[in-house]
Amino acid sequence: MLRSLAESCGVTTTHIDGLGQTVQASDAALLTVLQALGIAIETADQAEAILNARQGQGAALLAPCVAGEEGQPCVLSIGHEAGHDYVLRLQLESGETRELRGQLGEGEGKGEGKGEGEGEASSETASGQQGVQLDLGQLPIGYHHATLTCGEASASAHLIIAPKERFGAGVANEPTNEPANEPSRQLGLFAPLYAIRSERDYGVGDFTDLARLMRWAGEQGIDFVGTLPLSAGNYQQEFQTSPYSPVSRLFWNEIYLDVEKLAAEFPSEHLQELRGHSRFESERKRLAEIELVDYKKTSELKTRLLYRMADVAWDSMADVFAQLLKDQPELHHYAQFRAVMETTGTTYHHWAPAQRAGNLEGAAFDKEDYRYHVFVQWAAQQQLGALSEAGCGLYLDLSVGAGGSSFDVWRHQESFVSGVDVGAPPDALFEGGQNWALPPLHPERSRATGHRYFAECVRANMRHASILRVDHVMGLHRLYWVPSDLGATEGLYVRYPADELYAILRIEAVRNQCALVGEDLGTVPEQVRPAMESSGMHGLYVGQFSVEGGDDGWPTLQPASKHAFASLNTHDTPTFAGWFATTDLQCDPMHLMKTWTEALAEGPAAAVIVALEDLWLEVAPQNQPGTGQEQPNWRRRFQQSLTEITDGDEPGAWLRHLRHLRST
């Protein structure tokens with residue numbers, strides 16, 4: 001009965017791992033995951049009674065969240081018998097209200113409301129396993145709310161209505177009956193921002209460096225520049241180098257701010273004195289010249305400047321920051337959270353109970369720390385916003401989650417699960433599986449909020465992106481949960497309401513004019529790619545995984561599909577030269593790299609992405625998945641400076657050649 005209970009809670013009790021082995025979940029793993037989901041169970045013997053009790057409760061009056069599509073009727077399944085009077089109140093995102101009254105099963109409901117479409121919704125019902133169905137008619141795109149009263153019972157539901165229109169890579173398409181729209185043949189560059197070197201950097205690239213690269217790329221005919229997540233980091237209380245374990249997916253990493261530009265905007269004697277000190281400049285040069293990013297030292301150096309700028313900015317722009325906090329109230333909570341971390345020197349797990357639970361009223365923190373975090377987020381939004389004038393698009397990456405001590409987990413505790421982490425099952429590269437140390441969202445608790453946190457993350461990242469890559473897109477369908485007290489081999493999959501999450505992505509893609517890409521590498525369930533395609537989301541193609549022998553013995557690539565964003569490698573694989581070094585190929589690696597990239601450019605792929613490092617055949621990778629601090633992951637800087645790249649004749653000429661191939 002334990003397995004039946006688990007399946008009824010959305011837990012997959014059997015799965016096939018990355019080695020092709022069928023895995024039966026252990027009782028220990030099932031009990032831990034059920035407890036994490038909120039099921040009061042201690043032993044397997046209790047499963048039957050709990051399952052019977054759950055089944056005896058019957059169907060819920062309303063599902064907490066329902067996805068629909070523009071132009072199609074929005075139908076609610078009602079967990080109630082026909083023949084009962086009902087009142088359904090609709091609150092549309094626009095502010096319009098509608099009210100429907102009738103008797104379940106009677107056919108036509110009477111509508112009352114404000115605005116266009118008054119009374120148009122019908123109440124056609126049909127018998128079914130969930131009781132009856134209530135047809136609300138067609139609803140506008142967006143996020144709406146329904147409250148149903150039926151006798152003594154009452155329930156509410158979030159309604160997420162996706163647009164019929166899909167948005168492609170830089171091109172919005174007219175509504176179509178096709179499952180997904182086709183963008184023009186795009187060409188992109190990939191460069192981790194921290195890796196970019198310039199004459200004025202502080203040990204990492206910054207937003208001005210990114211703008212400079214984008215301008216140069218646009219001049220070569222490049223459509224977009226991609227980079228790794230730029231989400232907020234924490235390099236003090238809980239040191240994390242990985243951009244995929246941020247302190248928040250809702251805010252930005254101030255380590256990428258151009259402090260020189262800000263110093264010109266907010267000058268002061270104290271700032272000038274600090275910057276003019278020989279030891280300060282000596283440290284800046286040292287950080288700029290080393291091969292691996294020293295996040296802690298770079299953060300400390302930039303923070304010293306930014307605190308002084310924040311003081312000047314608040315003295316002259318208090319009204320601007322007040323308006324910012326009014327427009328973005330979540331920033332107030334974020335700044336408080338970070339300020340308390342600065343004051344206590346600890347993560348929130350060590351705070352007083354009330355503060356740990358999410359209440360910072362009366363918490364002690366330094367006002368200067370609070371103002372600093374408001375200021376740096378304002379500055380990041382300003383500098384990111386300026387990238388829209390850089391001459392090509394920005395391809396951003398949305399990580400799977402946030403770290404266990406993050407603002408996001410603290411702020412949205414009701415939506416996250418403790419006692420388990422997101423990871424991956426064993427595969428050929430990692431026979432012990434992987435634990436990514438990211439708390440997962442609770443599927444049903446997230447539904448109860450209309451997936452508010454997920455929508456906010458998508459919206460925040462799309463605000464400055466023309467393309468958004470959703471990392472581990474399979475997580476929209478299922479996530480591999482690893483019990484904290486067990487190894488990654490003991491993990492199991494938990495199902496998620498994919499249709500609702502895709503609906504959010506589709507809404508935000510159209511509203512923000514942002515194309516969608518899903519990272520669909522690894523173990524991909526068969527339903528994932530059709531769902532991506534029907535939602536207008538592009539998949540990935542990696543040349544290293546697609547090599548085949550040519551007729552003359554010369555290795556070639558399998559063709560990429562017309563929906564793919566194609567590249568020879570990713571940040572999680574060896575570079576092209578690193579991969580080449582593991583083969584026994586007897587040819588010029590630069591010639592092969594160019595030949596394969598040109599073949600992709602001539603092919604049908606929606607976009608072809610060139611890793612900037614492949615232009616000089618870098619061997620070392622940016623990341624070695626499954627390893628930790630023993631490897632220089634997310635730290636290695638480019639061998640060539642931005643000036644050397646942009647002033648060289650050969651890189652630009654070859655990129656223009658690729659543009660020509662993409663255009664013919």
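Annotation: amide H-H contacts under 5 Å for residue 65 (H modelled 1.01 Å from N, sequence separation of 5 or more, or interchain): 158. Rounded to whole numbers, the Karplus 3J(HN,Hα) couplings from phi for segment 499-509 are 4, 6, 6, 4, 4, 4, 4, 5, 4, 5, 4 Hz, using 6.51 cos²θ - 1.76 cosθ + 1.60 with θ = phi - 60°, and x at Gly and Pro. Taking 21 Å as the limit for the C-alpha separation, the pairs 261/285; 302/367; 297/367; 326/367 exceed it in the case of 297/367.
For segment 236-301, the alpha-carbon coordinates run over 37, 27, 19 Å along the three principal axes, in decreasing order. DSSP finds beta bridges in the chain, and of those with both partners inside it, around 65 percent are antiparallel.
Rounded to the nearest 10 degrees, the angle from helix 649-663 to the longest Cα principal axis of the chain is 30 degrees. Among the GluC sites (Glu not before Pro) found in segment 612-664, those both in a DSSP coil and sparsely packed, with 10 or fewer other Cβ atoms within 10 Å of their Cβ, are 630. Between the C-alpha center of segment 241-258 and that of segment 467-536 there is a gap of 22 Å. Axis angle, to the nearest 10 degrees, between helix 207-219 and the longest C-alpha principal axis of the chain: 80 degrees. Give me the Å³ per residue figure for the convex hull around the C-alpha atoms of segment 464-583. Considering the Cα atoms of segment 464-583, their hull volume per residue is 163 Å³. Residue 66 sits among other residues whose Cβ lies under 13 Å from its own Cβ, and their net charge, with Lys and Arg +1 and Asp and Glu -1, is -3. Karplus-derived 3J(HN,Hα) values for segment 460-468, using 6.51 cos²θ - 1.76 cosθ + 1.60 with θ = phi - 60°, are 4, 6, 6, 4, 10, 10, 9, 9, 10 Hz; glycine and proline are entered as x.
Given a 1.4 Å probe and the protein chains as shown, residue 302 ends up with an accessible area of around 10 Å². Can you check what the net charge comes to around residue 621, using other residues whose Cβ is under 11 Å from the Cβ of residue 621 (Lys, Arg +1; Asp, Glu -1)? It works out to a net charge of -2. Pairs of alpha carbons in segment 524-597 separated by more than 15 Å make up 61% of all such pairs.
Tell me, rounded to the nearest percent, the portion of alpha carbon pairs in segment 1-104 spaced more than 24 Å apart. Taking all Cα-Cα pairs of segment 1-104, the fraction more than 24 Å apart is 50 percent.
Calculate, for the chain, the solvent-accessible area per residue in square angstrom, rolling a 1.4 angstrom probe over the heavy atoms of the protein chains. Spell out each step's value before the answer.
Details: 27650 Å² over 664 residues.
Heavy-atom accessible area per residue stands at 42 Å².
The three principal axes of the C-alpha atoms in segment 572-626 carry coordinate ranges of 32, 28, 18 Å, sorted with the longest axis first.
The angle between the Cα long axis of helix 367-385 and the main principal axis of the chain comes to about 80°, on a 0 to 90 degree scale. Over the residues of the chain, the helix contribution to mean residue ellipticity at 222 nm works out to -10000 deg cm²/dmol, using -39500 (n - 2.57) for each DSSP H run of at least 4.
Hydrodynamic estimate: the Kirkwood radius of segment 387-540 over Cα pairs, inserted into Stokes-Einstein at 10 °C and 1.306 mPa s, corresponds to D of 98 µm²/s.
When the P(r) of segment 556-664 is calculated, the portion above 18 Å amounts to 55% of the C-alpha pairs.
Counting residues in the chain as N, plug N into 2.2 N^0.38 Å and put the Cα Rg over that result.
Cα Rg divided by the expected 2.2 N^0.38 Å: 1.02.
In units of the compact-protein estimate 2.2 N^0.38 Å, segment 381-442 shows a Cα radius of gyration of 1.60.
The values are calculated or read from the model by the stated rules, or taken from the named source; none is laboratory data. Keep in mind that what you see is a predicted model, and the values were worked out from it rather than measured. Ideal geometry is used to build each Cβ from the backbone, glycine not excepted, and the neighbour counts take in all protein chains shown. Protein only, heavy atoms only, side chains kept; ligands, DNA and RNA dropped before computing areas. Shrake-Rupley method; radii C 1.70, N 1.55, O 1.52, S 1.80 Å.
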